[in-house]
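The values are calculated or read from the model by the stated rules, or taken from the named source; none is laboratory data. Computed from a prediction, not measured in an experiment: that's the story for all the values here. Every residue, glycine among them, receives a Cβ derived from its backbone with ideal geometry; neighbour counts consider all protein chains shown. Ligands, DNA and RNA are excluded from the accessible area calculation, which covers all protein heavy atoms including side chains. Shrake-Rupley method; radii C 1.70, N 1.55, O 1.52, S 1.80 Å.
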Amino acid sequence: MENTSLNEMQWYWEDLCGPEGFQLWSQKTHDLGICFEQLCLQLPVLAVLSVVSAYYTGRQVEFVIRGRHQLAAINIRCIIASMFAFLPILQVYFSLESDGDMNAMFYVLSIVQCLAWLCHLGYSLALRRRLGRSARGPVFVVVLWTMLAACSAISLRSNMILYGMRDESDRKILVYYGFSIVHVIFHIFYGLTLIPNDGDTVYVTYERFHDGERQNLLTNSGNAFSRFSEEQDPNYLGVGMEDIPWLSKVLFYWVNPLMKKGAEGKLLHPDDLFDLPDNLNSTTLSRKLDDALIGKQSNGNVHEHSSNSNSSSLPDVSFMQAEQTNVSLIRALHNCFWFQFYGIGLLKLTADCAGFAGPMLLYKLVSFIEDKAQDVNLGYAYAAGLCLTTLLGALCNAHFNFLMSMVGLKIRAALVTTIYKKTLSVGGTVLKSAFSDGEIVNFMSTDTDRVVNACPSFHALWSIPFQIAVTLFLLYNQVGIAFLAGVGFSILLIPINKVIANIIGNLSTKMMEQKDNRVKMMTEILRGIRSIKVHVWETHFIKLISKIRNAEVKYLKGRKYLDALCVYFWATTPVLISVLTIGTYVALGNKLTASTVFTTIALLNMLISPLNAFAWVLNGVVEAWVSVKRIQRLLDLPNLDMDQYYDASVISESNYGLVIKGGEFNWGKLLTAEERTRLHSTSRRRNVKDKGVGKKSSKTLEGSESQPEELTPSDFYLREINVCIRKGEFVGIIGTVGSGKSSVLNAILAELTIQGGQVAVADLELGFGYVAQQAWLQRGTLRDNILFGRNYDESKYTSVLHACGLFEDLKSLPGGDLTGVGDGGMTLSGGQKARVSLARAVYQDKPIYLLDDIISAVDVKVAKHIFQHCIVGLLKNRNKTVILCSHHVNFLSYADRILVMENGTIVKEGRPEEILDDMDLMHVDLELEDSLQTSSVFTESIRTDSSPDMDSILNEESRETGTVRASVYGSYWKAVGHLLSFAILLTILLMQTSRNSTDLWLSFWVTNSNANESHNDNNTRIVYYAPTPDIGYTTWDYLLIYCLFVLLNSIFSLLRAFLFAYGGVQAATKIHKQLLKSIMKSKVTFFDFTPIGRILNRFSSDTYTVDDSLPFIINILMAQFFGLLGAVIITIYGLPWLTLVLVPLIPIYSWLQSRYRLTSRELKRLSSVTLSPVYNHFNESLQGLSTIRAFRTMRRFKRDNEENVEVNQKAQFASQAAAQWLGLRLQFIGVAMVTGVGLLAVIQHQFDLADPGLVGLAISYALSVTGLLGGVVNAFTETEREMIAVERVNQYVDEVTPEKSSFIMVPPYAWPSQGVISFNNVVLKYRDHLVPSLKRISFETRPAEKIGVVGRTGAGKSSLLTSLFRMVELSQGVITVDTVNISHISIDALRSRIYCIPQDPFLFSGSVRENLDPLEEFQVQEIWYALGVVDLSPTIRRMGGLEAPITNGGSNLSVGQRQLFCLARAILHKAKILCIDEATANVDHATDRVVQQTLRSAFRKSTVINIAHRIQTVIDCDRVLVMSDGEIVEFDNPQTLLDDTDSHFYKLVNAE
């Protein structure tokens, strides 16, 4: 009965498949059986293709409009599909014609082919208008096509073999062979149509409702129901990892929507990303770390910094309740995150153990192949074990990396918010005496990054020793003591690498010091770029920066060449260890087997990475520990204790608002009684430092009794301050430059250190309305700056704008009060900045107002308006206490009391008539002058819409989208150099070829030596891979050739490493040089709308990327790519049938890497864009700490910081999720390869086709392919990310418009000789779409004439100088100087022949002499003369002479002293034409008179154009030019204008 069934079955297979039946492997052709190919390979794929194509044909989604090239490709694909459907019919016809005897399988396959391709034709037609942007269609369809193409190629090979063995009379085989060729040709053409991808394809969007149709009919707009935005937005991703199945978490399937949005180009804003889960919320994490630092258990209570505090009207008293940290930072972090941090280690342990299973199963599998006697099922078990352990390792690694990155994000958010809050809690003098602003920013950036990056390193500290120990044990089991040779070499490299690492560390430190110096200098240059251009100092500062850059590059070269040595060791160590181990093993008399050799190589490869990484892991942990200690120093600073600083008991009567009794204050240094006496007894001079900048002097006062003049300005000291001010009282403070007026205000604000006495303030928790001498504004709209977090009250807002005289300015601004304000208010004039700061303070409605010299920045008319309507109007009417520091003593006649300051003490106090009797001053008549604005224009200047103007300076940084352009890569290629780039590629190719040849030779050695031995033993086993005939090589011959290959690989590796290092340095040098030149030569308007921080990013982070990160990652990319290429080639060479597995994986790999790169690139850009606000907000806060604390708005600023951090965390979270999504899927591809290799090896062994040497080589390479696949994509993606730095630099190199360098003529000798300036019909626009700042201006000066220019703020006074110095080119008209058209000569020639003292004094870090004479044109005597003329000699001598340092921006001088410093430069140059733009605004009247007398005597033969707000400054000029709204309204002798009572000048003078 059994035999009958067997015969029936046999007959069935023959009837289906033909005479040969169903064979997996044909012994006749040594190839797959034809029926097996048709039934098991082609038929299933065609069936699935038909079903999938039919599904997508009916799928009505993602409608698109395709580009011309995409449509053409799809149309060709339709034609090919129809021809594929017709081919089976033709084949059946010709087969029947040639031979009527056809098997059933042939007809079944033909029918399925026809149906499948007809379905695919319908799919291709549908693809023309829908199914997404990609012209290739869904990736699953492409995978099915690649499988079908691979089957066609196999079918062609089989038919070709049959054709070669056929009888001449067998025409059927000829038909099969011919149609196989046609199929392959059609598949090739089909593949070509897949080349066009997205192109210019766009989605079709349908607007379902018009705007008017969205309104509910039965409700008004005020009550209309509105859905949540996420319900309206179908692309809303929701909260990351919230409410998702466990399997989705395991496979990262929940990340798919994010990847889809990224691939579709819809990741344009942080709102397009996942919302953060609550455990990553920055407020939650900040509260948790705060509680841990003060030793409390975290609970659900809302702290003072909670974002739930939404009432901006409540006073912020959090500064009074700040608790000092009691727990160290490291312990607090441990208490917060210990469970998750340490628990993740279990995943790392599991992944490590799974990694060891690979080499062990490799050994078992190759041993199985070598031993024919073992059961075949054992081989399949080993292959399955390889698959499972590789899969387990992939899952554990992906989740370890993801969860560790989540812990890192938590630590980062907690640290950044904690550091920010600490800076707001520490007193100003304590903070600035301990750290510079740069150091504090580094705490938030560099130090925090180091701590976060060290999180994985902690687990590596135990994982690496564990890996090394287990690997050594396994190696000993394989090769015995021979492993000591290779391991000994590895251990020998550890101290070498350590020494190199230490040297690199030292060089890095020195390089970073130079980088810090360069960025610091660049910051100062950018802040003073107008002065630099006016003085024609661009070349000098380019040389200065280049000098610092050269020192930086010197250390960079040393680093890179040592890095090259490390790369050389890294690249050659695996080969060298292998040759030492195998050579020793052979020398000890052992026979090589494939299982031993390739298992040993796999284990050695596993050993190399931990050995190399251990030193870097230790360095990372040590750096993180140092960073923790650095941050701890900040956290250890004492918080500002308001209860200790202020003593409410001092106020004995309820009507007192402020009381200071016996107050002694300094700027951060506690002086002894002796030092106090010495300071105030020996330095009673007028020009004492007004206020310090917070850093302690580097010199102590000890031992300086004989040289008291060496006391530094930072030791300025207030003593014996006794003040009692009633509520509602108006008090003025006057004094000479540097007498301590501003210091008194800072003492009231608790910004100084109190050393003695008592301070009391009524309603302290409500804060102060503080207006600093140097206005501090935030980046935002003008309205945002005034509201400063308060709710918008239109009537109150309007009254404040009127009181501060801002309506006329708002009318002239393009966006009204929604016009953007740049960093530090850079887009506003000095007067506008001061009035916006005043409006901000007034709108806050505080009980006490501290106004620091707000009058000096505005003209007389505006000053009078502010005084009348704001100080003695709005504030007086509200019964506010006002303390005003001012040099304009004539305004103080309305004060209730006046305090006179001198050398840090109050020398006189009394009513105005008592103090001002000896001053010849005109009383200000506040009732004579009308308001600056009439009520009709009050609301015209206020924008009612909430969107800023399109011209707003607040436009976000331009962000490239899509793929990084080829031109960006081309620019980097050019920067490296064509010849050098080709040489680098050639050496990499030769290095990889020699490396693969080494492994191939080893395989050849093992195979032939064992095969010859088997032949000698008369082993007649049949093998498909026949060994090479015995060519007489001995073991030592094999070893010698093996060593030669290793030597060649070593040489090529060395060349590649050093050529790459040299090329990277060349590119870095060239790119920075281009960037520096482009910025320094750009137009001034570029700096008006580009924030300094944005430019500095190019010189700091982007330059660092080009210097270091980019060459490093490109090096890795090249190594990984060529390594992957070599691994795939060798694996296919060893197991050709692996192509069946690889071909379908190719489109999957392409799709994965494409989708990830598109998403990752946008996430990187979003990360950069969202990181800038974190640092910008932090920098702004550091600059305005005193204002923030005075207004009691710390809570809001902390909340803003947390929100900025959270937005950046969203981008970081999405980046990490996307990275692990890709990593896991790439490791799945590796798993598929390893599984395919294992199964094919067992199958070939079953049919006696396996070569143990090649199988062992293929499996060892396949094990490494998993890492290489991910490595290539990650490296390529990271290269694209880092290449964005080159893209950003290129934006400034290629797109920034330089100043005109062409000229028609060279100016005559000794030009200008007369100094005659002529404006003829001049029109000036700062930007094309703005209204002109100068409107057809025409006037002419006389030789050596003194011209005074007056007019209200915004009248166009400074624009006169802008046009004269060609800071902006004229829109119309001509300016001549001594009959020479200034547009015909070069800009450098023009600016070098005339001189300007700008409105904002510019000083840079360097010596006094360098600041006065950077080009070294003058003698020492001339410099001292100039200093003496402006009365700065005593100050400079006290500082230490001409070599005394000027700190950042001249911060160790008062504002008035800085302006006098700039006057000294003018005295030195004695130009024929001198322009002065408000150069004496911040000096007292007496000093101003001295300066004006000096200018008249020193420049009596020069033409002087003097812009001033003070009428007395220009009253003695030859003529006065009065401007209004960009036009000249008067230009005549001042006496003539004064005689005309209707003249504008007469009204200005009488107003003062």
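Going by the structure shown, is GLY558 in contact with a Cys (Cβ under 8 Å, 6 or more places away or on another chain), surrounded by fewer than 20 Cβ atoms within 10 Å (Cβ to Cβ) and either in a helix (DSSP H, G or I) or without any contact (Cβ under 8 Å) to a residue 40 or more places away in the chain (or both)? Explain how you work it out, then say what you get.
Values: in contact with a Cys (Cβ under 8 Å, 6 or more places away or on another chain): no; surrounded by fewer than 20 Cβ atoms within 10 Å (Cβ to Cβ): yes; either in a helix (DSSP H, G or I) or without any contact (Cβ under 8 Å) to a residue 40 or more places away in the chain (or both): yes.
No: the conditions fail for GLY558.
Working carefully through the options ILE481, ILE532, ILE496, find the one that is farther than 30 Å from ALA594 by Cα and either free of Cβ contacts under 8 Å to residues at least 24 places away in the same chain or surrounded by fewer than 17 Cβ atoms within 10 Å (Cβ to Cβ) (or both).
Values: ILE481 fails: farther than 30 Å from ALA594 by Cα; ILE532 fails: either free of Cβ contacts under 8 Å to residues at least 24 places away in the same chain or surrounded by fewer than 17 Cβ atoms within 10 Å (Cβ to Cβ) (or both).
Result of the check over ILE481, ILE532, ILE496: ILE496.
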Condition set in contact with a helix residue (DSSP H, G or I) (Cβ under 6 Å, 6 or more places away or on another chain) and open to solvent by 10 Å² or more (accessible area, probe 1.4 Å), scope the range 1456-1478, selection farthest from ARG1496 (Cα to Cα): answer is ARG1458
Out of (1) open to solvent by 20 Å² or more (accessible area, probe 1.4 Å); (2) modelled with pLDDT of 85 or more, the one GLY1354 does not meet is (2)
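Could you grab me the full set of residues in the range 31-64 that are among the small types (Gly, Ala, Ser) and surrounded by 20 or more Cβ atoms within 10 Å (Cβ to Cβ)?
Restricting attention to the range 31-64, the residues satisfying the condition of being among the small types (Gly, Ala, Ser) are 33, 47, 50, 53-54, 58.
Selection gives GLY33, SER50, SER53.
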Screening VAL628, VAL650, VAL617 for residues that are farther than 23 Å from GLY486 by Cα and crowded, with 18+ Cβ neighbours inside 10 Å leaves only VAL628
Of (1) modelled with pLDDT of 70 or more; (2) assigned to a loop (DSSP other than H, G, I, E, B), TRP1001 satisfies every one except (2)
The residue that is most open to solvent (accessible area, probe 1.4 Å), considering only those in the range 69-93 that are over 16 Å from LEU109 (Cα atoms) and at pLDDT below 85, is HIS69
- Please work out if THR1131 is open to solvent by less than 10 Å² (accessible area, probe 1.4 Å), more than 30 Å from VAL1293 (Cα to Cα), assigned to a helix (DSSP H, G or I) and of a type outside the set (A, V, I, L, M). yes
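Does LEU1453 satisfy the condition of being of a type in the set (A, V, I, L, M), in a loop (DSSP other than H, G, I, E, B), modelled with pLDDT under 85 and surrounded by 22 or more Cβ atoms within 10 Å (Cβ to Cβ)?
Working: of a type in the set (A, V, I, L, M): yes; in a loop (DSSP other than H, G, I, E, B): yes; modelled with pLDDT under 85: yes; surrounded by 22 or more Cβ atoms within 10 Å (Cβ to Cβ): yes.
Yes, satisfied.
β-branched (Val, Ile, Thr) and surrounded by fewer than 21 Cβ atoms within 10 Å (Cβ to Cβ), is that true of VAL553?
Values: β-branched (Val, Ile, Thr): yes; surrounded by fewer than 21 Cβ atoms within 10 Å (Cβ to Cβ): yes.
For VAL553, the condition - β-branched (Val, Ile, Thr) and surrounded by fewer than 21 Cβ atoms within 10 Å (Cβ to Cβ) - is met.
Can you confirm whether LEU475 is within 21 Å of PRO1401 (Cα to Cα) and open to solvent by less than 60 Å² (accessible area, probe 1.4 Å)?
no
Quick check on the range 282-290. Is at least one of its residues modelled with pLDDT of 75 or more and surrounded by fewer than 15 Cβ atoms within 10 Å (Cβ to Cβ)? Write out each step before concluding.
So the first thing to find is which residues in the range 282-290 are modelled with pLDDT of 75 or more, and the list is 282-290.
Now narrow it down to the ones that are surrounded by fewer than 15 Cβ atoms within 10 Å (Cβ to Cβ): none.
No, that holds for no residue.
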Counting only residues in the range 1415-1443 that are over 45 Å from the mean Cα position of the chain (by Cα) and farther than 18 Å from ALA1471 by Cα, the one surrounded by the fewest Cβ atoms within 10 Å (Cβ to Cβ) is identified as GLN1421
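Restricting to the range 127-137, count the residues that are open to solvent by 10 Å² or more (accessible area, probe 1.4 Å) and either part of a helix (DSSP H, G or I) or within 26 Å of GLU37 (Cα to Cα) (or both). If you could, list the steps in order and put the result at the bottom.
Step one: list which residues in the range 127-137 are open to solvent by 10 Å² or more (accessible area, probe 1.4 Å), which gives 128-131, 133-134, 136-137.
From what's left, either part of a helix (DSSP H, G or I) or within 26 Å of GLU37 (Cα to Cα) (or both): none.
Going through the range 127-137 one residue at a time, the tally reaches 0.
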In the set SER1101, SER1160, SER1150, the lone residue that is hydroxyl-bearing (Ser, Thr, Tyr) and within 23 Å of VAL1237 (Cβ to Cβ) is SER1150
Counting only residues in the range 1290-1317 that are closer than 26 Å to ILE529 by Cα, β-branched (Val, Ile, Thr) and open to solvent by less than 60 Å² (accessible area, probe 1.4 Å), the one farthest from the chain's Cα centre (by Cα) is identified as ILE1317
Being β-branched (Val, Ile, Thr), buried (at least 19 other Cβ atoms within 10 Å of the Cβ) and within 30 Å of TYR1261 (Cα to Cα): is that true of ILE1188 here? no
Selection over the range 350-394 where residues are farther than 20 Å from THR471 by Cα and polar (S, T, N, Q) yields a count of 2
